[in-house]
Amino acid sequence: MKNYEKPVVVVDSEIAEGVYAASGYSSGCYTVTANIHQRPETGRGDYRIQVIATHTATDHHSTGQELTVNFNQPVTYNGVTSSTIKVTYDYHNNNPEYNIGFGDLIVTSDPGLEVTSASMGCNRTCSQHDGLGNY
């Protein structure tokens, strides 16, 4: 069994929406929703975002995913300010329709923050089952 590895976040203010094909992650195999479920209030100045990604492909599985969340204005996450957040996972997803989700993507921003888009791609590679092929 593989040990849990904390996701790595990369913020790049020069990137366009979506996932670059050259990044090693193919897009279109996940359906993603990202909704702000808590807004700043007295004593707490951050936004909390619920993200759910469902692997909708039936022809492959993977051992790596990359989530991209775009906002209508800059957010600060992990000490970096940008309107795009990228989170890379090393999750072995060997079944279609498995969800990857978390409820506390926490960012700070000025009032009026909205999620404009969210996408997730996978590496379409299964290093854990190399002899079985990639279905």
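The values are calculated or read from the model by the stated rules, or taken from the named source; none is laboratory data. Given the structure is predicted, the values throughout are model-derived calculations rather than measurements. Glycine also receives a Cβ, built like all others from the backbone with ideal geometry; neighbour counts cover every protein chain displayed. Calculation scope for accessible area: heavy atoms of the full protein, side chains included, ligands and nucleic acids excluded. Shrake-Rupley method; radii C 1.70, N 1.55, O 1.52, S 1.80 Å.
Within segment 53-74, work out how many residues are at pLDDT below 90 and within 14 Å of Phe102 (Cβ to Cβ). Number satisfying all stated conditions: 4. The residue list Tyr77, Tyr89 contains one member that is among the hydroxyl-bearing types (Ser, Thr, Tyr), open to solvent by 10 Å² or more (accessible area, probe 1.4 Å), more than 12 Å from Tyr30 (Cα to Cα) and modelled with pLDDT under 80, which is Tyr89.
Among the residues making up segment 28-46, those that are part of a strand (DSSP E or B) and either within 13 Å of the chain's Cα centre (by Cα) or of a type in the set (S, T, N, Q) (or both) are Tyr30, Thr31, Val32, Thr33, Ala34, Asn35, Gln38. Cβ-Cβ contacts under 7 Å between residues 6 or more apart (or on different chains), taken from a first residue in segment 37-62 that is under 15 Å from Asp104 (Cβ atoms) to a second residue that is surrounded by fewer than 19 Cβ atoms within 10 Å (Cβ to Cβ) and of a type in the set (D, E, K, R), are listed as His37/Arg48; Gln38/Arg48; Pro40/Asp46; Tyr47/Arg39; Arg48/Asp104. For segment 71-82, what are the residues that are closer than 16 Å to Pro111 by Cα and polar (S, T, N, Q)? Hits for segment 71-82 are Asn72, Gln73, Thr76, Thr81, Ser82.
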